Amino acid sequence: MFKKNYNSKLLLLSVGLSFIVSCNSGGSGSNLATQNKRVAATCSTQSSTINGTIDTSFASSGVASFSEPSPYNFAEVLQIETLRDCSGYLAYYASYDNISGSNGRLIKFDNTGTVDTNFGTNGVLKIYNTENSANAYFGYALTSDGFGDIYLAGKNASASNSLILMKFKADGSTDSSFGTNGKLSLGDIGVSGQDETPTSIQVFDSGELYVSGRSGETTSAAAWILKLNSNGDIDSTFGSSGVSVIDTASTYDNISKIKVLNDFSILAFGQTDSSGDHIPFIIKLLSNGSLDSSFATSGRFNFSQTISSQTSLNAQDFTTDSLGNIYAAGTNRSGSPSVSYIFKLNANGVLDTGFNTSGFIEILNHHHSAFHNRVRSLVIDRNDELFAAFEQPGGANGYDYAISKFLTSDGSLDTTFATSGRFSFDSGVGSDNRDYTRIMGLDFNNKLMLAGPSDQYKIGTIIRVD
């Protein structure tokens, strides 16, 4: 869940498709925070313009790649994080074999794109170390703090897929001061007896921890946001006994990503599924976990209601700029080709009709005609410029990494970026010429980081773009 707004000292990372990068570089208050007499790192940052060229100083000609030894045959990158202690990058990926199934991994790179062999075992940390054991933990949301500590939210398969939080030190060792041996099992969160799936996590250097997710996978699934105090206890003053639940009657509700603002109010992006339609929404909560009735309509904005021709959109990603404006992306996958939309709201949850005259832009045949154009991630850089990462199938090289830059004023393409506003890149990794964009974020030097699986999910790749 990479973080995206360097004007905040917060950091949040979405799961599976949403990725967040942050550096403790400012915002309201001091750049320094102490926790147990430690001092959080403050990165030396840059705000240079992103022009849309591959950064060949990163790894091997701009591409870092990795794979798993036999019998594992997958390395599907799901998240990437610019570590807030300024030491490099951390990627979470799923590995898979035909015997024990999916297993989570963390891999660390230094700032040059070289694997940090001091982390875990030769740079890689297994999320659980005994394959086929009852202690099956699988991660979904990743973040770090300014002290180098790493937090991962996941499911505990040995306890009915209940929520579990894991904390690791900068070298990948377990932080035994957190929970029990570095693991905090929280059981049922939203709906009793349902699987808990965390989707994003955000931590402050003062120790407060916010986690979002959903309970269940059926039409009765409920979305939730949980707050923990610095000692790991649930904050009973937040929501109802520490949890704010979003549960629309007889529908599937999911929150895919949250952002906690400087006043501790919360923006949450997700979707409701009802009668086969997918309706993305943004809600705003007050610091106590209750809906902010001054935002949009009674605290909630539904995106599908703005497009008369589209009643069903899949929520993809959202971000904000330094003025509090909100940018959100959704995709209609039912047609061929699929169509993506990027919306702009002001800080009060009102559609900005100066953005392409309608408050949204429609993206069709964008990077390649007659093929799907799915927005995967949105980033606002430190210059308040908007970038969208695409999964680009159908090109001459199969699937390529792809980015477009849009003007935040009116939603038009910024033709000064890359080639007429569009960047595409074939990593050259593997034999099938396919790079599947999964996540995009920003590093502390104002460079874009893209990550995903390549070569039929067998190889993980990360690229850095100037």
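Of everything in the stretch 219-242, what is touching a Lys or Arg at 6+ places or on another chain (Cβ under 8 Å) and closer than 14 Å to Gln194 by Cβ? Give them in sequence order. Passing the criteria: Ala221, Ala222, Ala223, Trp224. State which residue pairs qualify: first residue closer than 17 Å to Lys155 by Cα and inside the stretch 202-218, second residue basic (Lys, Arg) in any location, beta carbons under 7 Å apart, and separation of 6 or more residues or different chains. Once the first residue is closer than 17 Å to Lys155 by Cα and sits in the stretch 202-218, its partners that are basic (Lys, Arg) give Tyr210/Lys227. Would you say Met440 is within 30 Å of Ile107 (Cα to Cα) and touching a Leu at 6+ places or on another chain (Cβ under 6 Å)? In short, yes.
In a residue-by-residue description of the stretch 188-195, the property of being hydroxyl-bearing (Ser, Thr, Tyr), modelled with pLDDT under 90, more than 19 Å from Thr272 (Cβ to Cβ) and out of contact with any helix residue (DSSP H, G or I) (no Cβ under 6 Å at 6 or more places or on another chain) applies to at least one position. Each residue in the stretch 77-92 was checked for being buried (at least 24 other Cβ atoms within 10 Å of the Cβ) and under 9 Å from Ser144 (Cα atoms), and 4 pass.
Restricting attention to the stretch 441-458, report how many residues are closer than 16 Å to Glu76 by Cβ and crowded, with 24+ Cβ neighbours inside 10 Å. Don't jump to the end; show me each part of the working.
Kept after step one, since they are closer than 16 Å to Glu76 by Cβ, are these residues of the stretch 441-458: 450-458.
Those left that are additionally crowded, with 24+ Cβ neighbours inside 10 Å: 450-454.
Residues meeting the conditions: 5.
Within the stretch 142-164, the set of residues being among the aliphatic types (A, V, I, L, M) and either over 13 Å from Gly213 (Cα atoms) or modelled with pLDDT of 90 or more (or both) comprises Leu142, Ile150, Leu152, Ala153, Ala157, Ala159. Among the residues of the stretch 160-175, the one identified as over 17 Å from Gly123 (Cα atoms), of a type in the set (S, T, N, Q) and touching a Gly at 6+ places or on another chain (Cβ under 6 Å) is Ser162.
Contact map, the stretch 412-434: residues that are polar (S, T, N, Q) paired with residues that are not in a strand (DSSP E or B), Cβ distance under 6 Å, separation 6+ or inter-chain. Pairs shown: Thr415/Gly421; Asn433/Asn397. May I ask you to verify whether Thr45 is under 24 Å from Phe406 (Cα atoms) and at pLDDT 90 or above? Here the answer is no, as Thr45 does not meet what is asked.
The values are calculated or read from the model by the stated rules, or taken from the named source; none is laboratory data. Small disclaimer: the values here were computed from a predicted structure and weren't measured. Because the Cβ atoms are built from the backbone with ideal geometry, glycine has one as well, and the counts that use them run over all protein chains shown.
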